[in-house]
Amino acid sequence: MKIALIGNQNSGKTTLFNLLTGSNQKIGNWPGVTIERKSGIIKGTDFELNDLPGIYSLSPYTSEEAVSRNYILDEKPDLIINIVDATSIERSLYLTTQLMELDCGVILALNMADMLEKKGLTIDEKVIERELGLQVVRISALKKTGIDELIEKIKVYDGKKNSVKTYPQPIEAAIEEVSDTLSDDNNKRFVAVKLLERDVLYNIDSDSVVMSCIKALENRYGMDTEMMIANFRYDFVGEVVSKAVRQEKKGATITQKLDKVFLNKWAALPIFAVIMCLIYFLAVGFVGSFTVDFIGDLMDKLGVIVGDGLKNLGASDWSLSLVRDGIIAGVGAVLGFVPQLIILFLCISVLETSGYMSRIAFMLDKVFKRFGLSGKSLIPFIVGSGCSVPGIMTARTVEDESERCATVVLTPFVPCSAKLPIITLFTGTFFGSLGWLAAAGMYLMAIAIILVTAICLKKFYFKGSPSNFISELPEYKLPSPRYVLRDVVEKTAAFIKRAGTIILLCSVVIWFLLSFGWNFKYGVDIEDSILASIGNCLAWLFYPILGEWSWAATVSAIQGLVAKEQVVSSMAVIAGLAEDAGGASILNAAIYSFFTPASALGFMIFNLFSAPCIGAIGAMRRELGSTKAMFKAVALQTTIAWVLAVIVAGVGNLILLL
Amino acid sequence: MAKNKTLKKGERGHLSDLKIGQRAKVIDLHNDNAALRRRILDMGITKGVVVEVLKAAPLGDPVDIALRGYELCIRKSEMANIDIEVL
Ligand SMILES: Nc1nc2c(ncn2[C@@H]2O[C@H](COP(=O)(O)OP(=O)(O)OP(=O)(O)O)[C@@H](O)[C@H]2O)c(=O)[nH]1
């Protein structure tokens, strides 16, 4: 049996999906977390469950609605579980009235039952069951109540459907009349209503039965049918709610109290700034770099121990070098950043699940509107500070098409977690005790680049399209420790896995290319290695930034395409092979001695803001919808990064001369 | 409409004219953008619905309104397309 999980955004679909299938999909307390269909098998059964994007309606306009609607119409699930946020039942049941028009059976899961009492709501689900002709189960996906009953209801579901009349007689008659003209037997009532609504996905002939019905109804009710049908649906729902729901007046809720502070006219923006600085200081600043030094020392020791161990075992020179200078140096260089990433992932996860994310969007929408973006663009940016790939995908929460595309192109400018190693390495080495300032400067620069580029995109590319901001403000929720923990562990594991696979492989390849010349003899001077000659061919690209023909920096920067942390890994392997005595930092190696603080800054800027890694480029391609648009975006990003890097390095060197 | 003018009970105007704490009944909405209009309808802003302006964002826009038992954030420019009668 194929089951579809459908409900409003933020109604708890993914929480229920994870619970029923035992998987760990992403949840967040802001509308629009789920953007693609995910399927799984309900534990203990053979039912296939499909989690669909959260929607408010089956209208033809938004991409999420299209995904859900196409799934229902084309894949014909056997059953829909309509998950309803019981605390905003009236708006939620509006979608239910549309699902009821399908041939498919519907079970209503009344979620967030645990919140009802707090909000002073009492709901009589028997009344809803009777009025809607559906089975209703009261559940809490968070507290795991009512789940067994829900599964039981699914198991005994017999495919029977009750028909309930939602509209006044004249409209019902028109629906009947239109469905009689339909040749396709599937979802007749649904299609008839869509036709009457003048749904843009259907063609309507001007002299058809449909058109005459529309005209008659519009004359009768004095409004267009789209509005009319929305009105009557809400009227119907209002009737049901007035019979089934009782609301006691309660004092201010916790959310209202918190909003008095977090959305306070004067305090809101300072509080936001403090929260962001705090996250920054924890993840990137003081605390983060401390842990990096610590692990770096450990890795150096490990290198020595393993090196000695292998020597004692009588390992050959080259295998010793491969393990110590290739694998441990390359992989170790990025593993050192794990604690820092854990802190960053933790902060983002808490932001996402607490409900504050939507408030950030709400707060700053006015500012971002000026720059041709929506307040909701901030959500991808913040998610993107963890990883650009999910950041780019969450750009779908931005409704307006051109704002969404702009957000996709701009998200990679936010330094992601894989770029942290680059920032920490360069600022730590060249700016000493002022390193934190340079690192903070990188984030501010990212914001500046995003805003300026956004304006330019709006001016020259996405001209004058109207935009909007319509969003629900979810309740604040205490982040579930179990979920946050799982989320952080999963993301960190992904990073470590990358270190153990892609980075490891690259380190080995780099080691080979460095240890062998074109004559394929081991042990050439690295200046004569294959990698050096490749780098020398391309070094002109970076000469304007570095003021030096450096093949080592060149090949490392290019490897950023594989994964941004690979830049650091590659520089470490090269440094290690270039000289045996390792300095305090990778960048102290003689091969990098040409770096001045200014050129280091320029080089870092290029690496942070140029084309993102392959993964993110792929995500951009999917979201922009064409390879051409993707290439344009990558070219734009790389050009901006390069020009900026050259300017900063040039101006910086001038200042250093003074 | 002038910024400091407060609509009185029974007066008609646009949703964007309401002050924080005021309640009003929606009379009509007119919007050239079909997708946006439909979205506003889908979110429950239909004829006859009662809305209350709860709070504005710290910078004054967008605005948070309560209707049908939930809270919706919406920009003033969209609210200007919604006709209301103050309750
Ligand atoms: N109190 C309470 N909170 C819940 C319940 N179910 C889900 N939540 C919370 O509601 C928020 C949204 O949950 P999700 O599962 O991400 O919602 P969704 O419907 O998948 O949301 P989108 O992906 O945005 O469409 C999360 O913060 C959950 O922890 C519940 O039964 N009770």
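The values are calculated or read from the model by the stated rules, or taken from the named source; none is laboratory data. Just so you know, these numbers come straight off a predicted model, no measurement behind them. Cβ coordinates were reconstructed from backbone atoms using ideal geometry, including for glycine residues, and neighbour counts include every protein chain displayed. Keep in mind that these areas ignore ligands, DNA and RNA; they rest on the heavy atoms of the full protein, side chains included. Shrake-Rupley method; radii C 1.70, N 1.55, O 1.52, S 1.80 Å.
Over all directions, the average projected area of the alpha-carbon convex hull for region A:270-657 comes to how many nm²?
20.1
Mind checking the angle between helix A:286-312 and chain A's longest principal axis? C-alpha axes, 0 to 90 degrees, to the nearest 10.
Between helix and principal axis, roughly 60 degrees.
Tell me the per residue accessible area of region A:220-307 using a 1.4 Å probe; a whole number in Å² is fine. Don't skip to the answer; put the middle values down first.
Values: 5200 Å² over 88 residues.
In whole numbers, region A:220-307 has 59 Å² accessible per residue.
Relative contact order, percent, of chain B when contacts are C-alpha pairs under 8 Å separated by at least 6 residues? Walk me through the numbers on the way to the answer.
Details: 163 pairs, mean separation 36.2, N = 87.
Answer for chain B is 42 percent.
When the helix-only estimate is applied to chain A (DSSP H runs of n ≥ 4, each -39,500 (n - 2.57), divided by the residue count), what is the mean residue ellipticity at 222 nm, nearest 500 deg cm²/dmol?
Numbers: 31 runs with 383 residues, N = 658.
Here the helix-only value at 222 nm equals -18000 deg cm²/dmol.
Could you state how much accessible area is buried at the B-A interface, both sides summed, with a 1.4 Å probe, in Å² to the nearest 100?
3500
Are there residues in region A:434-480 whose accessible area shrinks by at least 40 Å² when all protein chains are included rather than the chain by itself, and which are they (probe 1.4 Å, ligands and nucleic acids not counted)?
A:468, A:469, A:470, A:471, A:473
Report in % the part of the accessible area of region A:277-363 that belongs to carbon and sulfur, leaving out ligands and nucleic acids; probe 1.4 Å. Before the final figure, lay out each step's value.
On the way: 2820 of 3700 Å².
For region A:277-363, the apolar C and S fraction of the accessible surface comes to 76 percent.
Give the percent of DSSP beta bridges with both residues in chain A that are antiparallel, rounded to the nearest 5.
The antiparallel proportion sits near 30 percent.
For the peptides A:142-152, A:98-108, what is the packing order when you average, over each peptide's residues, the other Cβ atoms within 10 Å and list the highest mean first?
With the highest mean Cβ count within 10 Å placed first, the list reads A:98-108, A:142-152.
For q values of 0.06, 0.07, 0.08, 0.12 Å⁻¹, compute log₁₀ I(q)/I(0) with the Debye formula on a Cα-only model of chain A, without solvent.
Calculated log10 I(q)/I(0) at the listed q: -0.42, -0.56, -0.70, -1.23.
Between residue A:305 and residue A:452, what's the calculated FRET efficiency when r is the beta-carbon distance and R0 is 45 Å? Round to 0.05.
Using R0 = 45 Å, I get an efficiency of 0.35.
Under a no-solvent Debye model with one identical scatterer per Cα of chain B, what's log10 I(q)/I(0) at q = 0.13, 0.23, 0.24, 0.25 Å⁻¹?
Treating every Cα as an identical point scatterer, log10 I(q)/I(0) equals -0.36, -1.20, -1.31, -1.42.
What full-extension length gain, to one decimal in nm, is calculated for residue A:66 and residue A:223 as 0.36 nm per residue of separation minus the Cα-Cα distance?
Taking residue A:66 through residue A:223 to full extension adds about 53.9 nm, to one decimal.
Between residue A:207 and residue A:273, take the C-beta separation as r, use R0 = 56 Å, and let me know the FRET efficiency to the nearest 0.05.
For R0 = 56 Å, the calculated efficiency reads 0.35.
How large, in percent, is the carbon and sulfur part of the accessible surface of region A:169-247 at a probe radius of 1.4 Å?
C and S fraction of accessible area: 45 percent.
For region A:335-367, state which residues have at least 40 Å² less accessible area in the presence of all protein chains than in their chain by itself, taking the probe as 1.4 Å and leaving out ligands, DNA and RNA.
Hits at the 40 Å² cut-off: A:362, A:366.
Can you give the FRET efficiency for residue B:20 and residue A:521, using 1/(1 + (r/R0)^6), R0 = 56 Å, r = Cβ-Cβ distance, to the nearest 0.05?
Between residue B:20 and residue A:521 the formula returns 0.10.
State to the nearest 20 debye the size of the charge dipole of chain B about its Cα centre, where the only charges are +1 on K and R beta carbons and -1 on D and E beta carbons.
180
Need one number: % antiparallel among DSSP beta bridges in region A:82-240, to the nearest 5.
10
Residue farthest toward the positive end of the dipole of region A:1-156, with Cβ of Lys/Arg at +1 and Asp/Glu at -1: which of A:22, A:4, A:151?
A:22
Identify, among A:448, A:542, A:605, the residue whose Cα sits farthest towards the positive end of the charge dipole of the protein assembly as shown, taking +1 on the Cβ of Lys and Arg and -1 on the Cβ of Asp and Glu, with the dipole about the Cα centre.
A:448
Enter the accessible area per residue of region A:333-466 (Å², integer; probe 1.4 Å; all protein chains in place).
30
Taking Cα atoms, how many degrees apart are the long axis of helix A:614-624 and the longest axis of chain A, rounded to 10 and kept between 0 and 90?
30
Tally up the carbon and sulfur contribution to the accessible surface of region A:573-658 as a whole percent, 1.4 Å probe, everything protein left in place.
Whole-percent figure for carbon plus sulfur exposure: 71.
Provide the gained length on full extension for the span residue A:298 to residue A:169, in nm with one decimal, where the gain is 0.36 nm per separating residue minus the Cα-Cα distance. The partial results should precede the final answer.
On the way: separation 129, 0.36 × 129 = 46.44 nm, distance 7.76 nm.
Separation in residues times 0.36 nm, less the Cα-Cα distance, equals 38.7 nm.
Between residue A:622 and residue A:216, how many nm apart are label points set 7 Å from Cα along the C-beta direction?
It is 4.8 nm.
Quick check: the distance between the Cα centres of region A:581-658 and region A:292-353, to the nearest angstrom?
24
Mind telling me which of B:75, B:38, B:12 comes out most flexible in a GNM of chain B, alpha-carbon contacts under 10 Å?
Highest fluctuation of the listed residues: B:38.
Starting from the Cα coordinates of region A:94-182, work out the convex hull volume and express it per residue in Å³.
115
Excluding residue A:90 itself, calculate the net charge of residues whose Cβ lies under 14 Å from the Cβ of residue A:90, where each Lys or Arg counts +1 and each Asp or Glu counts -1.
Taking every other residue near residue A:90 into account, the sum is -1.
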